[in-house]
Amino acid sequence: MAMAMAMASAVSLCFVTLFALHSSFFVLTVAATSDNLEFVVELDRSNFTDFVSKLDFLIVSFYTPRCGHCKRLAPEYEKAANILSKHNPPLTLAKVNIFNEANDGLAGSDGTISIKIVREGGKNVQEYKGPRDADGIVEYVKRQYGPASVEINTLDDAQSFISDNKIAIVGIFPQFSGEEFENYTILAKKLRSTEDFFHTSDAKLLPRGKSSVTGPLMRVLKPFDELFVDTQDFDVDALEKFVEKSIVPTVTIMDGDKSIQRLVDNFMYNSNSKVMLFINFSSEIAASFEYKYRELAVLYKGDSLSFLMADIDASLNAIKQYGVKDDQIPFIILLSEKTKYLKSNVEPDELSPWLKKYKNRELEPYIKSEPIPEHNDEPVKVVVAHTFQDIVFKSRKNVLLEFYAPSHKACKQLASVFEDLAMAYRSDSDVIIAKFDIFANDLVHDFEIWTLPTIYFKSADGNISKYTGYATKKDLRDFIEKNRSKAADEHSDSKDEL
């Protein structure tokens, strides 16, 4: 059985990222599913550059053929491609199989499952951050193809473009030229994949804000907090920071309501450290939590922290993600870069002291880990987050480590191979064959894990290599012998023959 075949059935580890809070955060891609005429164009290393160079606008899906999410989205993407092929001019949806390593790096792909918006013959690449249903894809792609900012000339335009429950960014200019307008246009082009931009010369057409202004001025209209905010600082970086800050509520609510999912997305994409409180919204103490939590959010607003309050029933993925048990709810977690801090069974009056300890750097980081095995004497050693450093890096052993999920089909298929391999090295004290459950433990070292199973080898002298060969005992054995450190070889005992 080939390692390639095993990896092809893997699931993207977006499940173990922050975006696991909601299924819409999963990066979904597509593969062809129909025996009929296909409108999604298949690209690879041989034809990608030539094809893309001829187009000013293109959507490209970087997918793996057996990814479950890719399969489920496939008919929607194909349906959208069919509709968009009839657009004037026709708009193209394409796909690239990133399981083929030769396709890495195309259009800015880093070998991960993603969807890209490719403009200007490949010179400008942005993330696709739109819907995943056919109608939503069509609407989003059409908007991305059009001008980055749409002009508002009449009240009908304003009523059509600006909704009371959506965010809209409007530039108000006496004339559509000059440095301020040019900088606004640069911002619109940069952020158009997530934000809706408009411009007008008449502020009286807008539903909120002072109507006598003539600009230059940028106004962010929003369905929360102060409803609109203005700025006249037209430095591009300042404009971008203003937008990023303005589109996130003081407290973002996550309760499963799809109509406000955009606000949850904005919270997640925001560059601030993230404070998230998970409670039962129907509990008697929920109102007290909300009052105390909102007080905190107001107090720390502008202090590089963003706040979200989530209903447990809408956050089952998060509970699983952070390894929290039912009897530990409610809990609060803070994500700062790659470090997590967590307090379970939190009470409303404990929120403020806990956050103050974080600001004073008095909290211990939280690491999700399975319990350390009492007896780790099986041929394949178990590595958990709390033993990762000791077994993999401090042991001075040659370690072949599988990142896996117990229920994953390809990982199950590889299990017997790993058992046989471990038995072959049972008398070699310098070699450890081990496994690490990627969903039950936090990854405490910067290994790139995009598919399951993924295998890495750390030699006794510290060299790290990713295994990309076949999943057979012989090939894995050959890989170990080729990459193990000479220092370890000198002290190795006799090894079983294959």
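Sort out which residues of region 337-364 are aliphatic (A, V, I, L, M) and closer than 15 Å to residue 303 by Cα, and write them in order of number. Show your work before the answer.
Of the residues in region 337-364, the ones aliphatic (A, V, I, L, M) are 342, 346, 351, 355, 363.
Scanning region 337-364 gives a single hit, 355.
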**Fill in**
Apart from one, (1) surrounded by fewer than 16 Cβ atoms within 10 Å (Cβ to Cβ); (2) in contact with a Leu (Cβ under 8 Å, 6 or more places away or on another chain); (3) at pLDDT below 95; (4) among the β-branched types (Val, Ile, Thr) all hold for residue 214; the odd one out is (2)
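Considering every residue within region 254-266, establish whether at least one is open to solvent by 60 Å² or more (accessible area, probe 1.4 Å), free of Cβ contacts under 8 Å to residues at least 60 places away in the same chain and part of a loop (DSSP other than H, G, I, E, B).
Within region 254-266, the first condition is being open to solvent by 60 Å² or more (accessible area, probe 1.4 Å), and the residues that meet it are 255, 257-259, 262.
Going one step further and asking which of them are free of Cβ contacts under 8 Å to residues at least 60 places away in the same chain, we end up with 255, 257-258.
Applying the additional criterion that residues be part of a loop (DSSP other than H, G, I, E, B) yields 255, 257.
Yes, region 254-266 has at least one match.
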**Prompt:** Any idea which residue in region 155-171 is surrounded by the fewest Cβ atoms within 10 Å (Cβ to Cβ), counting only those that are touching an Asp or Glu at 6+ places or on another chain (Cβ under 9 Å) and either closer than 25 Å to residue 249 by Cβ or not charged (D, E, K, R) (or both)?
**Reply:** 166
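Just one of 239, 296, 308 is part of a strand (DSSP E or B) and at negative phi; which is it?
Working: 239 fails: part of a strand (DSSP E or B); 296 fails: part of a strand (DSSP E or B).
Step by step, each of 239, 296, 308 is checked, and only 308 is part of a strand (DSSP E or B) and at negative phi.
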**Asked** Wholly within region 120-212, which strands (runs of 3 or more DSSP E) include no fewer than the required count, namely at least 2 residues that are in contact (Cβ under 8 Å) with a residue 60 or more places away in the chain and not hydrophobic (A, V, I, L, M, F, W, C)?
**Response** 124-127
**Request:** Output the residues belonging to region 433-484 that are open to solvent by less than 40 Å² (accessible area, probe 1.4 Å) and more than 20 Å from residue 381 (Cα to Cα).
**Result:** 451, 469
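Residues are listed down the side, and each one gets a yes or a no for (1) touching a residue at least 12 places away in the same chain (Cβ under 8 Å); (2) touching a strand residue (DSSP E or B) at 6+ places or on another chain (Cβ under 7 Å); (3) surrounded by 13 or more Cβ atoms within 10 Å (Cβ to Cβ); (4) farther than 20 Å from residue 254 by Cβ:
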residue	(1), (2), (3), (4)
298	yes, no, no, no
305	yes, yes, yes, no
318	yes, yes, yes, no
329	yes, yes, yes, no
351	yes, yes, yes, no
364	yes, no, no, yes
369	yes, no, yes, yes
**Sole residue being surrounded by 14 or more Cβ atoms within 10 Å (Cβ to Cβ), assigned to a loop (DSSP other than H, G, I, E, B), on the phi < 0 side of the Ramachandran plot and of a type in the set (S, T, N, Q), chosen from 407, 395** = 395
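The values are calculated or read from the model by the stated rules, or taken from the named source; none is laboratory data. Since the structure is predicted, the reported quantities are computational estimates derived from the model, not experimental observations. A quick note on method: Cβ atoms are made from the backbone with ideal geometry, for glycine too, and the neighbour counts reach across all protein chains shown. Only protein heavy atoms, including side chains, enter the accessible area calculation; ligands, DNA and RNA are left aside. Shrake-Rupley method; radii C 1.70, N 1.55, O 1.52, S 1.80 Å.
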